[in-house]
1. The conditions are (1) assigned by TED's automatic domain parsing to the domain that holds Asp21; (2) more than 20 Å from the chain's Cα centre (by Cα); (3) loosely packed, with under 13 Cβ neighbours inside 10 Å, and Ile127 fails exactly one of them. Which is it?
2. Could you identify the single residue in Glu149, Glu155 that is outside the structural domain of Leu29 (by TED's automatic domain parsing), of a type in the set (D, E, K, R), in a helix (DSSP H, G or I) and loosely packed, with under 10 Cβ neighbours inside 10 Å?
3. Looking for whichever is under 15 Å from the mean Cα position of the chain (by Cα), of a type in the set (Ser, Thr, Tyr) and more than 19 Å from Leu136 (Cα to Cα) here; the options are Ser32, Ser59. Which one fits?
4. Search the stretch 34-53 for residues being out of contact with any helix residue (DSSP H, G or I) (no Cβ under 7 Å at 6 or more places or on another chain) and either among the charged types (D, E, K, R) or part of a loop (DSSP other than H, G, I, E, B) (or both), and hand back the single one that is nearest to Phe91 (Cα to Cα).
5. Quick one: which of Thr58, Thr10, Thr74 is surrounded by 13 or more Cβ atoms within 10 Å (Cβ to Cβ) and among the β-branched types (Val, Ile, Thr)?
6. In the stretch 54-100, how many are outside any loop (DSSP other than H, G, I, E, B) and of a type outside the set (Val, Ile, Thr)?
Amino acid sequence: METKGGFYITQIKHLQERIFDKLLIEYGLDISGGQGRILFVLWKKDRPMTINEISKETSLAKNTTSIICEGMVTKGMIRKREDDQDRRRIFVEFTDKMYEMKNKYEEVSNIMGKLFYKDFPLQDQVIFESYLQKILITLQELDHYTASELVDLEEKLH
């Protein structure tokens, strides 16, 4: 059986990003998709986080997270500070500017959520998200496998 789930997820991701970007512009928010993912995690956790923690929470590569964060520092969205106990550890935290933008960003996120689930009964939303979570957990577990281990696993599934 040919499966198209990954193809659909990729298409959904690209369309969702374009629509979300339109809404961000409409609300006067100069935030890219990657920046939004980082901001969302920082707002959700509501505490300073390391690049490594942010990378894990967003599923962005550590170097990608670092590059995006550098751009956000330049724009005054976040700041970096050294850990008082360990100067090698760097924390990322919001600036006041980003706290001011949080409400607008949450409003855009809420609109996007409503558009995303247009014509979905609540029960279907819950089921759909449970399937997505199951796929996410599986992929997070498989992310640590080597390519040959993934091929071996796939062969065992047949």
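The values are calculated or read from the model by the stated rules, or taken from the named source; none is laboratory data. Predicted, not measured: the structure shown is a model, and the values here were computed from it. All Cβ positions, glycine included, derive from the backbone under ideal geometry; neighbour counts span all protein chains shown.
1. (1)
2. Glu155
3. Numbers: Ser59 fails: more than 19 Å from Leu136 (Cα to Cα).
Exactly one residue qualifies, and that residue is Ser32.
4. Ranking the qualifying residues of the stretch 34-53, first place goes to Pro48.
5. Numbers: Thr10 fails: surrounded by 13 or more Cβ atoms within 10 Å (Cβ to Cβ); Thr74 fails: surrounded by 13 or more Cβ atoms within 10 Å (Cβ to Cβ).
Unique residue meeting the criteria: Thr58.
6. Residues flagged as outside any loop (DSSP other than H, G, I, E, B) and of a type outside the set (Val, Ile, Thr) within the stretch 54-100 amount to 22.
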